[in-house]
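The values are calculated or read from the model by the stated rules, or taken from the named source; none is laboratory data. Everything numeric here is computed off the predicted structure, so don't read it as measured data. Here the Cβ positions follow ideal geometry from the backbone for every residue, glycine too, while neighbour counts run over all protein chains shown.
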Amino acid sequence: MYAIVEIAGLQYKVQKEQRVYVNRLPGLEGESISFDRVLLAEDNGSVSVGAPVIEGAAVSATLLRHLQGDKVIVFKKKRRKGYEKKNGHRQALSQILITDISLSAPVKKAAAKKVEASVDAVVEPKKKTTKAAKTEAAS
């Protein structure tokens with residue numbers, strides 16, 4: 001069983017008990033995280049495709065640790081001008097462990113907002129602001 005899930009704006013193909021490095025996620029090490037943007041899921045040959053997501057599907061994971069990726073050297077140069085610039089970058093990453101992929105997670109129901117009609121909220125007609133209305137009021 002595998003799923004394609006959107007995590008921190010990027011899409012990952014994940015399986016149960018897989019370790020994945022993703023962009024830094026908020027939270028402490030050891031916390032459980034759930035991702036509900038499941039785009040595609042495969043279970044024993046049956047493929048479910050979302051439009052854009054599969055309703056009720058979720059991927060559970062545990063946040064193992066926060067770390068930094070390998071250093072990437074950025075070197076810029078303009079020939080014959082004496083311009084050289086060297087810079088480095090290390091991406092902030094989180095390592096997660098996929099613990100469960102469920103296709104029928106409990107659906108959260110949104111609380112219905114009650115709209116109360118009040119008698120005091122009567123709509124008054126718009127006042128005229130044209131020159132004709134001003135001359136009528138003056139006379």
**Asked** Out of segment 39-67, which residues are free of Cβ contacts under 8 Å to residues at least 60 places away in the same chain, part of a strand (DSSP E or B), in contact with a strand residue (DSSP E or B) (Cβ under 6 Å, 6 or more places away or on another chain) and more than 12 Å from ILE96 (Cβ to Cβ)?
**Response** LEU39, LEU40, GLU42, SER48, VAL49, ALA58
**Message:** Please go through segment 78-104 and give me each residue that is modelled with pLDDT of 95 or more and outside any strand (DSSP E or B), ordered by number.
**Reply:** ARG79, ARG80, LYS81, GLY82, ARG90, GLN91
**Fill in**
Within segment 31-50, residues crowded, with 17+ Cβ neighbours inside 10 Å and among the small types (Gly, Ala, Ser) come out as ALA41
**Request:** Considering only segment 20-30, state which residues are surrounded by 12 or more Cβ atoms within 10 Å (Cβ to Cβ) and among the charged types (D, E, K, R).
**Result:** ARG24
**Complete:** So, first residue under 12 Å from LEU93 (Cα atoms) and without any contact (Cβ under 8 Å) to a residue 60 or more places away in the chain in segment 1-24, second residue polar (S, T, N, Q) and surrounded by fewer than 18 Cβ atoms within 10 Å (Cβ to Cβ), Cβ within less than 7 Å, six or more apart or across chains; the pairs are ALA8/ASN23
**Request:** Identify all residues within segment 68-83 that are without any contact (Cβ under 8 Å) to a residue 12 or more places away in the chain and surrounded by 10 or more Cβ atoms within 10 Å (Cβ to Cβ); write none if there are none.
**Result:** LYS77
